[in-house]
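Asker: After the structure tokens below, expect a handful of questions from me.
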Amino acid sequence: MIQAIVILAVMGGIFGAVLAVASKKLAVETDPRVDEVLSVLPGANCGACGFPGCAGLANAIVNEGAPINACVPGKEKVAKEIAAIMGLNAAPETVRKVAQLHCNGTFDNTKPLYEYKGVMDCHLAVTQFGGPSYCYYGCIGLGSCEQVCPFDAIHIGENRLPVVDTSACVGCGICANQCPQKILQIVPINKQVHVRCNNRDKGKKAMDTCKVSCISCGICVKNCPEGAITLLESKAGSVAVIDYDKCTSCGICVAKCPRKSIHLDPPIDPELTICEQPKEPEGCAACAAKSVCGLH
Amino acid sequence: MNYEKRTFSGGTHIQDFKEFTNSLETQEAKAPAKVYIPMSMHIGAPSKPLVAVGDLVKMGQKIGESQGFVSVPAHASVSGKVIGFKQLPVPNGRMADCVVIENDFKDEWLEGLIQPEQNPQALDAKEIGARVLEAGIVGMGGATFPSHVKYAPSKEGKKADHIILNGIECEPFLTADHRIMLERPERIIAGLKYMMKLADCPKGVIAIEENKMDAFELMIRLTEQDSTIETIVCKEKYPQGSEKQLINAVTGREVPPGGLPMDVNVIVNNVGTAAAVADAVEFRRPLIDRIVTLNGNGIVRPMNYRVRIGTLYKDLIEENGEVIGDIVKVISGGPMMGFAVYTMEIPVMKGTSGILVFNEESQVLKREEEGPCVRCARCVDACPMGLEPTTIVKAAKRRDWAKTKACDVTSCIECGSCAYVCPSMIPLVHYIRLAKQYVTSKDGNGAVNPFLV
């Protein structure tokens, strides 16, 4: 009995000593700021910053010098809090960005090419002649953007085109990346002028395709006082695109466009353009949303 | 006589609907007033047009030059005048640049073609290979892979020890291969001989499905004197005619995932390709026509036609007669793996094995709404590749692409057996295609409009 107690006590002493030495010698230095930064990030793990989840971004900000405003859904508030932790000045208040659709090919403006049957996903339809719409370049309208949006901010409207809920959209860009037609773009919310067309055909063919198609006439390019509009050339043809850095939303191109394919949106209340506190993402917090969640 | 019937594991039995056309002799289709010859009728780089508007061309004249190694030339299928270039839709969902030729109905061959070679047996492998390329021959089963590429020396120095001629034709409705085996068997055997010489391969196998016993018995009779050629019969099962399944049935070998038949020292070609090779080698005849099965309940007289490449579906169907009822679906190829097309203004290409026209009364196309998976695992039993379609599709539905990759979704041959047997009518292949797009796309964002890139 005593023998056993002594043996165990001696063993305990030896192991304790080894562990004490090991904890000093093999200690891994962690920066306490990583945990602090992680605690102020939204925890949605949406990946919009380009790092693997919020923990990845926290580590990158503290150790690798990633920008403190990299968190897209966290916006200004989170950037300020991170700045306080890191002892930096927060970046000036930025205008928040939302998704804009470069297509107006509603049922009224274009016609169907064929009847699509099968799994409702734009990626499948696009491989068949650019989708069931008569325009090879326009919105397919099967709602892949709606399925992938982690913030429930984009929905297919009555006219089969997606409608962006600008109050919910955080400009993470997942829909823009996933769109097989590449007709969604992340744009500052205070920009009012948008080309609502992606058709690359020339003249008559473009006119036949859709009532409101861009025919690459170049009138907008010539009339823009800021030189903000160019014709984007591609293998298939060209389409007018706006450089949002230069655009002042003057609206001259909107008035000049013979095809009414450039639109002027109503102005936005300046209060709403500033990055505010992010909304809580829907669905399970670990994966941001039901639609992309692997578990639910 | 009793023969051993070979097969693979998995697969499913499908009603074959071949009785409409398999006993009717192939008819020569009228050459149309205009042909539209696509510059990309094959897998690989499109051909480059060699003619200009206004040029006069003869039958068999090369009008498109091959670009690169995996590419073949295109030839005029009628004599006449080039009147323009036009973009036409092709069944794979893209547009192809076509050379439009107005037919003068003289059918004049280009000089030097269609002259029998005096001593074809004396030709060496290099010359045979050159003639196969020059004739623009591609796999005529439907995949349209350029044939000369299959016979080019492999980088690892692999040599084929079996050349399998695929006379299975497991797609329902199609009988084009069946008819060519009955009508031109000696050309097929001659073509196989040239292929064996080209690949320096000691053994040729002609594989035929058991629902074509007449063709099988004919082939047996014609090859029994020849010890290098074996004719075998395979069970009637879908997809017996798929390359990997056929290799497995004939040789017992398994092509590794992502591999080619050459990895297991086998070359597979369609019987139609063999006949075209024989014509190319002995007569320098380019591939300017092919046998097409015209069938479906919208067609008055289901029939096999020998059709000039570049004939519009519309012209061929018009020649056959008025269509019956309201046409709701036109399929290029077979009903299992063919492509639904939205217009009849599509040219017949080198890989067009059939055109199926269905009206709204068709029972073949009836498909109910997708229901929930009942976990019966019939798709798992049916999968000829040994995959678990149900697991892949469940992962695809929740957009878990990493899981679909782990389930080896890229090995799927999209034969459609799983969707055919599914009692819940789940379009499994459709979901699998979506998963494949995400797994194989470079940025992980799925497919991008082919017109944009």
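The values are calculated or read from the model by the stated rules, or taken from the named source; none is laboratory data. Since this is a predicted model, take the numbers as computed values, not measurements. Neighbour counts are summed over all protein chains in view; Cβ atoms, including those assigned to glycine, are modelled from backbone coordinates with ideal geometry. Note: areas computed on protein heavy atoms with side chains; ligands, DNA, RNA excluded. Shrake-Rupley method; radii C 1.70, N 1.55, O 1.52, S 1.80 Å.
Asker: Where in chain A are the DSSP H helices whose alpha-carbon span along the long axis reaches 27 Å or more and whose Kyte-Doolittle mean is at least 1.0?
Answerer: Both cut-offs are met by A:2-25.
Asker: In square nanometres, what is the average projected area of the Cα convex hull of segment A:32-94?
Answerer: Details: hull surface 14.4 nm².
So the mean shadow area of the Cα hull is 3.6 nm².
Asker: I want to check the label-to-label distance for B:K397 and B:D381. Put each point 7 Å from Cα in the C-beta direction and report it in nm to one decimal.
Answerer: 2.1 nm
Asker: Got a sec? Charge dipole of the protein assembly as shown, +1 on Cβ for Lys and Arg, -1 for Asp and Glu; which of B:G241, A:A240, B:V82 is way out at the positive end?
Answerer: Among B:G241, A:A240, B:V82, the one farthest towards the positive end of the dipole of the protein assembly as shown is A:A240.
Asker: Between A:E158 and B:H13, what is the FRET efficiency for a Förster distance of 41 Å, r being their Cβ-Cβ separation, to the nearest 0.05?
Answerer: Numbers: r = 46 Å, r/R0 = 1.13.
Efficiency computed from Cβ-Cβ geometry: 0.35.
Asker: Given all pairs of different Cα atoms, what value in angstroms does the Kirkwood hydrodynamic radius of segment B:289-359 take?
Answerer: This gives a value of 11.7 Å.
Asker: Oh, and also: Return, ordered by residue number, the residues of segment B:214-257 whose backbone nitrogen is under 18 Å from a label point located 7 Å along Cα→Cβ of B:A143.
Answerer: Backbone N within reach: B:238-257.
Asker: Can I ask one more? Given only helices, namely DSSP H runs of n ≥ 4 each adding -39500 (n - 2.57), what is the per-residue ellipticity at 222 nm of chain A, to the nearest 500 deg cm²/dmol?
Answerer: My calculation for chain A gives -8500 deg cm²/dmol from helical runs alone.
Asker: In the protein assembly as shown, how does Rg compare with the Kirkwood Rh, expressed as the Rg/Rh ratio over alpha carbon atoms?
Answerer: On the way: Rg = 31.6 Å, Rh = 29.8 Å.
Taking Rh as the inverse mean 1/r over Cα pairs, Rg/Rh reads 1.06.
Asker: State log₁₀ I(q)/I(0) for segment B:378-452 at q = 0.21 Å⁻¹ as given by the Debye formula over alpha-carbon point scatterers of equal weight, solvent excluded.
Answerer: -0.84
Asker: If you take the charge dipole of chain A about its Cα centre, with +1 on Lys and Arg Cβ and -1 on Asp and Glu Cβ, which of A:P225, A:C250, A:I268 is farthest toward its positive end?
Answerer: A:P225
Asker: Sorting B:I189, B:I63 by accessible area (1.4 Å probe), largest first, what list results?
Answerer: Numbers: B:I189 25, B:I63 0 Å².
Largest to smallest exposure gives the sequence B:I189, B:I63.
Asker: Also, quick follow-up: Percent relative contact order of chain B, based on C-alpha pairs within less than 8 angstrom and at least six residues apart?
Answerer: 19 percent
Asker: Ratio to report: Rg/Rh of segment B:124-283, with Cα atoms as the point set and Rh obtained by the Kirkwood method; give two decimals. Each step should come with its number before you reach the end.
Answerer: Values: Rg = 14.4 Å, Rh = 15.5 Å.
Computed over Cα atoms, the ratio is 0.93.
Asker: Follow-up. Mind putting a number on the dipole of chain B about its Cα centre? Charges go on the C-beta only, +1 for Lys and Arg and -1 for Asp and Glu, and I need it in Debye to the nearest 20. Don't skip to the end; give the middle numbers.
Answerer: On the way: 52 positive and 56 negative charges, 273 e Å.
Roughly 1320 debye for chain B.
Asker: Also: Points 7 angstrom from Cα along the Cβ direction at B:Q363 and A:K222: gap in nanometres?
Answerer: Between B:Q363 and A:K222, the label points sit 6.6 nm apart.
Asker: Hey, another quick one. Picking from A:L41, A:L184, A:L113, which is most flexible by a Gaussian network model of chain A using Cα springs under 10 Å?
Answerer: Of A:L41, A:L184, A:L113, the most mobile in the Gaussian network model is A:L113.
Asker: Might you tell me the accessible area per residue for the protein assembly as shown, computed with a 1.4 Å probe and given in Å²?
Answerer: I get 46 Å² per residue for this part.
Asker: Let me ask another. Counting other Cβ atoms within 10 Å of each Cβ, which chymotrypsin sites (Phe, Trp or Tyr not before Pro) in segment A:87-154 have at most 15 and sit in a DSSP loop?
Answerer: Answer by residue number: A:F107.
Asker: Post the alpha-carbon centroid distance, segment B:386-453 to segment A:177-213, in whole angstrom.
Answerer: Computed from Cα coordinates, the inter-centre distance equals 30 Å.
Asker: Once the whole set of protein chains is in place, how much accessible area is left on B:R253, using a 1.4 Å probe, in Å² to the nearest 10?
Answerer: 70 Å²
Asker: What residues of segment A:109-125 lose no less than 30 Å² of accessible area with every protein chain in place versus their chain by itself (probe 1.4 Å, heavy atoms only)?
Answerer: For segment A:109-125, once contacts with the other chains are taken into account, A:L113, A:V119, A:D121, A:H123, A:L124 lose 30 Å² or more.
Asker: How large is the direction-averaged shadow of the alpha-carbon convex hull of segment B:270-313, in nm²?
Answerer: Mean projected area for segment B:270-313: 3.7 nm², to one decimal.
Asker: Hey, another quick one. Using only the alpha carbons of chain B, determine the length spanned along each of the three principal axes and report them from longest to shortest in whole angstroms.
Answerer: 64, 50, 46
Asker: Given a Förster distance of 25 angstrom, what is the FRET efficiency for A:A27 paired with A:A83, based on the Cβ-Cβ distance and rounded to 0.05?
Answerer: Efficiency computed from Cβ-Cβ geometry: 0.25.
Asker: If R0 is 45 Å, what FRET efficiency do you get for B:Y3 and B:A33 from their C-beta distance, rounded to 0.05?
Answerer: Efficiency computed from Cβ-Cβ geometry: 0.40.
Asker: Can you tell me the convex hull volume per residue for segment B:33-103, based on C-alpha atoms, in Å³ to the nearest whole number?
Answerer: 71 Å³
Asker: Which three extents, in whole angstrom, do the alpha-carbon atoms of chain A cover along their principal axes, largest first?
Answerer: 101, 48, 33
Asker: In chain B, which cysteines lack any other cysteine Cβ under 4.7 Å from their own?
Answerer: Here B:C98, B:C170, B:C201, B:C234, B:C373, B:C376, B:C383, B:C407, B:C412, B:C415, B:C422 come out as lacking a disulfide-compatible partner, given the Cβ-Cβ threshold of under 4.7 Å.
Asker: List the GluC sites (Glu not before Pro) within segment B:347-453 that fall in a DSSP loop (any state other than H, G, I, E or B) and whose Cβ has at most 13 other Cβ atoms within 10 Å.
Answerer: On the way: sites: B:E360, B:E361, B:E368, B:E369, B:E370, B:E414; in loops: B:E360, B:E361, B:E368, B:E369, B:E370, B:E414.
Here the sparse-neighbourhood loop sites are B:E360, B:E361, B:E368, B:E369.
Asker: Another question about this same structure. Over 19 Å, how big is the tail of the calculated P(r) for segment B:302-441, in percent of all Cα pairs?
Answerer: Percent of Cα pairs beyond 19 Å in segment B:302-441: 59.
Asker: Something else about it: Based on Cβ point charges of +1 for Lys and Arg and -1 for Asp and Glu, what charge dipole magnitude is obtained for segment B:289-359 about its Cα centre, in debye rounded to the nearest 20? Mind dumping the intermediate values first?
Answerer: Working: 7 positive and 7 negative charges, 61 e Å.
Once rounded to the nearest 20, the dipole reads 300 debye.
Asker: Say each of A:D208 and B:K126 gets a label point 7 Å from the Cα, pointing the same way as Cα to Cβ; how far apart are those two points in nm?
Answerer: Distance between the two pseudo-spin positions: 5.1 nm.
Asker: Take the alpha carbon atoms of segment B:181-248, find their center, do the same for segment B:93-115, and report the distance between the two centers in whole angstrom.
Answerer: 31 Å
Asker: Treat every Asp and Glu Cβ in segment B:124-283 as -1 and every Lys and Arg Cβ as +1, leave all other atoms uncharged, and give the resulting dipole magnitude about the Cα centre to the nearest 20 debye.
Answerer: Dipole magnitude for segment B:124-283 comes out near 360 debye.
Asker: Okay, next question. Please list, in order, the residues from segment B:274-314 whose amide nitrogen is less than 12 Å from a point placed 7 Å along the Cα→Cβ vector of B:E322.
Answerer: B:300
Asker: Starting from the Cα coordinates of segment B:1-125, work out the convex hull volume and express it per residue in Å³.
Answerer: Measuring per residue, one finds 266 Å³ for the Cα hull of segment B:1-125.
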